[in-house]
Amino acid sequence: MTANDDLRARYEAAFMPNYGVPPLALARGEGARVFDVDGRAYLDLIAGIAVSSLGHAHPALVEAVSTQVATLAHTSNLFLHEPEVLLAERLRGLLDGDGRVFLTSSGTEANECALKLAIKYGRAHGRARFVATENGFHGRTMGALSLTGKASIREPFGPFALDVTFVPYGDAAALKDAVGEDCAAVFLEPTQGEAGVVPPPEGYLAAAREICDATGALLVADEIQAAIGRTGAWFAFQAENARPDILTLAKGLGGGLPIGACVGFGEHGDLFAKGDHGSTFGGNPVGAAAALAVLDTIEKDGLLANAAAVGEVLGAGLAAVDHPLLAGVRGRGLWLATVLTGPHAAAVEAAARDAGFLINALQPDALRIAPPLVLTAAQAESFVAAFPSILAAASAATGTATPPAKES
Ligand SMILES: *Cc1c(COP(=O)(O)O)cnc(C)c1O
């Protein structure tokens, strides 16, 4: 029995079945490479779901976290500490000096904070309805879940206390129709992540900004997956200069350490009264030190430009692959989806793994590629070069994706 098989069997016996049993047990990582417990190496093109922005075991992250945990690991919010202050100041610096920050331990908690701000805003202005997008994803806690547009995730746990109208993503006219004077806030992702890395048509974010300005609804941008370099910019909203009223961050911010943030701009950063919200672990010193190391390293090593340039190599290279299973490539920066002509993403994910590449079948017909921002052009090219044979192996495995055979 391999070490992978052993751990998988023990996992299955000990854990709730909500994730199924993952295919691999990972043991360690280095840069954009990870190794499983049997010692096999993989190029990590998913980065723990767009989280490990500096790759694995980056010296700056190791140093910052090790030093902090050996100095002061936790204070709770009964006391403050310098790393959280530095982090909030640093985030404000990236956001033109505006914004007030609440730190969390996860993405869904950042959205819960945004939602509570929006509820307070709505109560003060007689606005009780929310607008979110079909297929959007905002998290698994009950508030964030009630805004999550994917019915298969949301509905088994309803009904919900929140009145939410879901609109088709990317359709500015539908958004305009749905947002009125009774609407407290619009929640949307600048590109839908879990739905399959689906960018909106150009102009959609700017239109959302205008619609909210015209009606007085708050615009909440869930950049939990999109921000901190993923698209080649610090924040995805910058592409259309559509700054939200409330911004949520998490995934890539801590480079693998659990930290998230909710930022309220202008008066929306002052909506909470003392006692309105809190978190014991949120913004703890180790997470804050990790996030500072991530932000410093992205800046120092030019990783925004790297994400844009290597993303271009990867996206253009994959788009040029000619195979009947491949319908196209979408996304921007190091945040791409390869779209298939049929529901064979699981087979392609498995074939890629067999070939030494980790990618993620996040829709039946779409695979997510969200590598560490330190990915090199040579590493991107190695995947592009392997992709045709990965698709061929997946075709052979499914037996359904070969060019349509002549009916006889
Ligand atoms: C991952 C994600 C979340 C939830 O974050 P967790 O850290 O898993 O709670 C929310 N919104 C978006 C857009 C995400 O990608």
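In the set (1) of a type in the set (Asp, Glu); (2) over 22 Å from the mean Cα position of the chain (by Cα); (3) modelled with pLDDT of 95 or more, the condition left unmet by Asp98 is number (3).
Looking at this structure, is Ala378 in the same structural domain as Val51 (by TED's automatic domain parsing), modelled with pLDDT of 95 or more and more than 17 Å from Gly31 (Cβ to Cβ)? Considered against the rule, which asks whether it is in the same structural domain as Val51 (by TED's automatic domain parsing), modelled with pLDDT of 95 or more and more than 17 Å from Gly31 (Cβ to Cβ), Ala378 comes out as no. When you scan region 232-250, how many residues do you find that are in contact with a Ser or Thr (Cβ under 8 Å, 6 or more places away or on another chain), over 18 Å from Pro285 (Cβ atoms) and within 13 Å of the ligand (Cβ to nearest atom)? Qualifying residue count, region 232-250: 1.
Collect the residues in region 301-319 that are in contact (Cβ under 8 Å) with a residue 60 or more places away in the chain and surrounded by fewer than 23 Cβ atoms within 10 Å (Cβ to Cβ), keeping them in residue-number order. Before the answer, list the steps.
Residues of region 301-319 that are in contact (Cβ under 8 Å) with a residue 60 or more places away in the chain, as a first pass: 301, 303-311, 313-314, 317-318.
Selection gives Asp301, Leu304, Ala305, Asn306, Ala308, Ala309, Val313, Gly317, Leu318.
Could you say which residue among Glu202, Glu181 is more than 12 Å from the ligand (Cβ to nearest atom), under 27 Å from Ala370 (Cβ atoms) and out of contact with any Pro (no Cβ under 9 Å at 6 or more places or on another chain)?
Matching residue, one of Glu202, Glu181: Glu202.
Within region 6-44, the only residue that satisfies the criterion of being within 21 Å of the chain's Cα centre (by Cα) and of a type in the set (Asp, Glu) is Asp44.
Here is the figure for region 131-161: residues that are surrounded by fewer than 18 Cβ atoms within 10 Å (Cβ to Cβ) and under 12 Å from Leu115 (Cβ atoms) total 4. Scanning region 172-185 for residues that are in the same structural domain as Phe272 (by TED's automatic domain parsing), of a type in the set (Val, Ile, Thr) and closer than 22 Å to His277 by Cα turns up nothing. In region 205-299, counting only strands (runs of 3 or more DSSP E) that sit wholly within it, the ones holding 1 or more residues that are in contact with a Pro (Cβ under 7 Å, 6 or more places away or on another chain) span 218-222. Can you find a residue in region 101-113 that is assigned by TED's automatic domain parsing to the domain that holds Cys183 and on the phi > 0 side of the Ramachandran plot? For region 101-113, residues assigned by TED's automatic domain parsing to the domain that holds Cys183 and on the phi > 0 side of the Ramachandran plot: absent.
Quick check on Arg40: is it surrounded by fewer than 17 Cβ atoms within 10 Å (Cβ to Cβ) and either over 29 Å from Gly196 (Cβ atoms) or touching a Phe, Trp or Tyr at 6+ places or on another chain (Cβ under 7 Å) (or both)? Answer is no for this residue.
Answer yes or no: is there a residue in region 372-386 that is over 21 Å from Gly252 (Cβ atoms), touching a Ser or Thr at 6+ places or on another chain (Cβ under 8 Å) and outside any strand (DSSP E or B). Break it down into steps so the answer makes sense when it comes.
Restricting attention to region 372-386, the residues satisfying the condition of being over 21 Å from Gly252 (Cβ atoms) are 378, 381-382, 384-386.
Then keep just the ones that are touching a Ser or Thr at 6+ places or on another chain (Cβ under 8 Å); that gives none.
Checked region 372-386: no residue is over 21 Å from Gly252 (Cβ atoms), touching a Ser or Thr at 6+ places or on another chain (Cβ under 8 Å) and outside any strand (DSSP E or B).
Scanning region 254-277 for residues that are of a type in the set (A, V, I, L, M) and away from the ligand (no atom under 16 Å from the Cβ), we see that the one that is farthest from His56 (Cα to Cα) is Ala273.
Among residues of region 15-34 that are free of Cβ contacts under 8 Å to residues at least 24 places away in the same chain, those with a Cβ under 6 angstrom from a residue that is part of a strand (DSSP E or B) and among the β-branched types (Val, Ile, Thr), sequence gap 6+ or separate chain, pair up as Leu26/Val34. Answer yes or no: is there a residue in region 60-70 that is more than 22 Å from the chain's Cα centre (by Cα), of a type in the set (D, E, K, R), outside any strand (DSSP E or B) and not assigned by TED's automatic domain parsing to the domain that holds Val263. Taking every residue of region 60-70 in turn, at least one turns out to be more than 22 Å from the chain's Cα centre (by Cα), of a type in the set (D, E, K, R), outside any strand (DSSP E or B) and not assigned by TED's automatic domain parsing to the domain that holds Val263. Of the numbered criteria (1) more than 16 Å from the ligand (Cβ to nearest atom); (2) farther than 30 Å from Glu267 by Cβ; (3) aromatic (Phe, Trp, Tyr), the one Phe79 fails is (2).
Close Cβ contacts (under 8 Å, 6 or more residues apart or on different chains) running from residues in region 201-216 that are on the phi > 0 side of the Ramachandran plot and at pLDDT 95 or above to residues that are part of a loop (DSSP other than H, G, I, E, B) and loosely packed, with under 13 Cβ neighbours inside 10 Å comprise Gly216/Glu181. In the set (1) under 23 Å from the mean Cα position of the chain (by Cα); (2) farther than 21 Å from His74 by Cβ; (3) assigned to a loop (DSSP other than H, G, I, E, B), Val321 fails one condition alone, (1).
Within region 20-38, work out how many residues are under 20 Å from Leu303 (Cα atoms) and touching a helix residue (DSSP H, G or I) at 6+ places or on another chain (Cβ under 9 Å). Number satisfying all stated conditions: 3.
Listed by first and then second residue, the pairs linking a residue in region 103-118 that is assigned to a strand (DSSP E or B) to a residue that is surrounded by 24 or more Cβ atoms within 10 Å (Cβ to Cβ) and not hydrophobic (A, V, I, L, M, F, W, C), with Cβ atoms under 7 Å apart and 6 or more places separating them unless they lie on different chains, are Leu103/Gly282; Leu103/Gly283; Thr104/Gly260; Thr104/Gly282.
The values are calculated or read from the model by the stated rules, or taken from the named source; none is laboratory data. Computed from a predicted structure; not experimentally measured. Quick reminder, even Gly has a Cβ in these numbers, built from the backbone with ideal geometry, and neighbours come from all protein chains shown.
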